[in-house]
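Colleague: The following block contains the structure, expressed as structure tokens.
The values are calculated or read from the model by the stated rules, or taken from the named source; none is laboratory data. Fair warning: this is a prediction, and the values are worked out from it, not measured in the lab. Neighbour counts are summed over all protein chains in view; Cβ atoms, including those assigned to glycine, are modelled from backbone coordinates with ideal geometry.
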Amino acid sequence: MVHAIRIHQTGGPEVLKWESVEVPAPGPGQVRLKQHAVGVNYIDVYQRSGLYKLPLPFIAGSEGAGEVVAVGPGVTDFKVGDRGAYAGAMGGYAEERVMPADRLVKLPDNIDYKTGAAMMLQGMTVRYLLRETYKVGKGTTMLLHAAAGGIGLIACQWARHLGATIIGTVSTDDKAKLAKEAGCTHVINYKTEDFVKRTKELTGGQGVDVVYDAVGKDTYPGSLDCLKPLGLWVSFGNASGAITNFDILALSAKGSLYATRPTLGTYVAKRADLLANANELFDMVGKGIVKINVNHTYPLKDAAKAHADLEARKTTGSIVLLP
């Protein structure tokens, strides 16, 4: 028997229960992974709270890194002893787990387990956002909400490397410093400044090419007002709550804007796309272009504390649970 964090009913952090579970032998196309580190992401909060519906009960979490300890029939890409990392496979908050082999990628030797667990979901999200949803490059001016969060700090570094001008929003002066150090060109503390007005000032009244918005309710519809005509609003999260009053006619009125609600799962649904994404991420981290900021670690059994701190916006960078 091993231990895992299970959810029997949706609600606050208190519904995360530390329990003994049985882990079966891997079936066809599966591997068993002994986890050395587990990532914590805002999607875990959405699933725990019931905003994103999952059948109950379930083991929380969808990101981790560890060692392959058994392989099922038909698995050829992995052998016992291989190091692996993943994102998007439910059941992550566990000491050991079984998962589909085609969702696991080999973790390079120059990346430790803790970094691997912290980087997969956030790093691969940044990769598709900057390289596929909108192709960021020299001349791009972008607005990035939550610039000091896990995704934000990775995005600042990567977008700077691509040559973009980055306007980031944060909630404290300490977070502003972190975002600036990560490569943010201009930082707006939205607690003390009007981010729409300041963005317009910084762009000479033109607005930005693209807004990356993981905040949701609190930044809508202001994000649309920061865009130049034909600009793209990328809504990829709702840390402050879901947007329930989206008005599609506003896109027309505000300059024939575009809007999208992407998710990582779609961009890496094919294994070839998963490997392309992960390998570019590993290359960026391996070369030191992107540094993964693992600023908070908790014992796996204390996942509820990690969730409470994340929701209270007490965290910056990435959060990792250690089995």
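Colleague: Might you check whether a residue that is under 26 Å from the mean Cα position of the chain (by Cα), more than 25 Å from THR316 (Cα to Cα) and assigned to a loop (DSSP other than H, G, I, E, B) occurs anywhere in the stretch 234-241?
Modeller: no
Colleague: Out of the stretch 20-47, which residues are more than 16 Å from ALA117 (Cβ to Cβ), in a helix (DSSP H, G or I) and not aliphatic (A, V, I, L, M)?
Modeller: Passing the criteria: TYR46, GLN47.
Colleague: Sticking with this structure for a sec: Here's a check for you: in the stretch 218-247, which residue that is modelled with pLDDT of 95 or more and aliphatic (A, V, I, L, M) is surrounded by the most Cβ atoms within 10 Å (Cβ to Cβ)?
Modeller: In this case the residue turns out to be LEU227.
Colleague: On to the next question. Which of the residues belonging to the stretch 147-178 are crowded, with 18+ Cβ neighbours inside 10 Å, among the aliphatic types (A, V, I, L, M) and closer than 23 Å to GLN206 by Cα?
Modeller: ALA147, ALA155, ALA159, ALA164, ILE166, ILE167, VAL170
Colleague: Another one. Go through the residues of the stretch 4-19 one by one and say whether even a single one is in a loop (DSSP other than H, G, I, E, B) and either buried (at least 18 other Cβ atoms within 10 Å of the Cβ) or of a type in the set (D, E, K, R) (or both).
Modeller: no
Colleague: Write out, first by first residue and then by second, each pair whose Cβ atoms fall under 9 Å of each other, whose residues are 6+ apart or on separate chains, and whose first residue, in the stretch 12-33, is within 13 Å of VAL69 (Cα to Cα) while the second is part of a strand (DSSP E or B) and of a type in the set (Lys, Arg).
Modeller: Listed pairs, sorted by first residue: VAL23/ARG32; VAL23/ARG97; PRO24/ARG32; ALA25/ARG32; PRO26/ARG32; ARG32/ARG97; LEU33/ARG97.
Colleague: Can you find even one residue in the stretch 131-149 that is touching a Leu at 6+ places or on another chain (Cβ under 9 Å), at pLDDT 95 or above, of a type in the set (Phe, Trp, Tyr) and closer than 19 Å to GLY288 by Cβ?
Modeller: Scanning the stretch 131-149 turns up no residue that is touching a Leu at 6+ places or on another chain (Cβ under 9 Å), at pLDDT 95 or above, of a type in the set (Phe, Trp, Tyr) and closer than 19 Å to GLY288 by Cβ.
Colleague: Restricting to the stretch 59-115, and then to whatever is crowded, with 21+ Cβ neighbours inside 10 Å and of a type in the set (Val, Ile, Thr), can you tell me which residue is farthest from HIS36 (Cα to Cα)?
Modeller: My answer is VAL105.
Colleague: Can you name the condition, by its number, that THR266 falls short on among (1) under 23 Å from GLN35 (Cβ atoms); (2) in a helix (DSSP H, G or I); (3) at pLDDT 95 or above?
Modeller: With respect to (1) under 23 Å from GLN35 (Cβ atoms); (2) in a helix (DSSP H, G or I); (3) at pLDDT 95 or above, THR266 is out only on (1).
Colleague: Another one. Would you be able to tell me the number of residues in the stretch 297-313 that are under 18 Å from GLY149 (Cα atoms) and surrounded by fewer than 20 Cβ atoms within 10 Å (Cβ to Cβ)?
Modeller: 8
Colleague: Still on this structure: Looking only at the stretch 116-146, count how many residues are farther than 25 Å from MET90 by Cβ and either crowded, with 24+ Cβ neighbours inside 10 Å or touching a strand residue (DSSP E or B) at 6+ places or on another chain (Cβ under 9 Å) (or both). Don't jump to the end; show me each part of the working.
Modeller: Of all residues in the stretch 116-146, those farther than 25 Å from MET90 by Cβ come to 130-131, 134-145.
Okay, now just the ones that are also either crowded, with 24+ Cβ neighbours inside 10 Å or touching a strand residue (DSSP E or B) at 6+ places or on another chain (Cβ under 9 Å) (or both), so 130, 134, 136, 139-145.
Looking only at that region, the number is 10.
Colleague: Could you give every pair whose Cβ atoms fall below 7 Å, whose first residue belongs to the stretch 100-120 and is more than 16 Å from VAL290 (Cβ to Cβ), and whose second residue is among the basic types (Lys, Arg) and part of a strand (DSSP E or B), counting only separations of at least 6 or pairs across chains?
Modeller: From the stretch 100-120, the pairs are LYS106/ARG83.
Colleague: Look through GLY66, GLY81 and report the one residue that is in contact (Cβ under 8 Å) with a residue 12 or more places away in the chain and farther than 30 Å from ALA214 by Cβ.
Modeller: Numbers: GLY66 fails: farther than 30 Å from ALA214 by Cβ.
One residue alone meets the criteria, GLY81.
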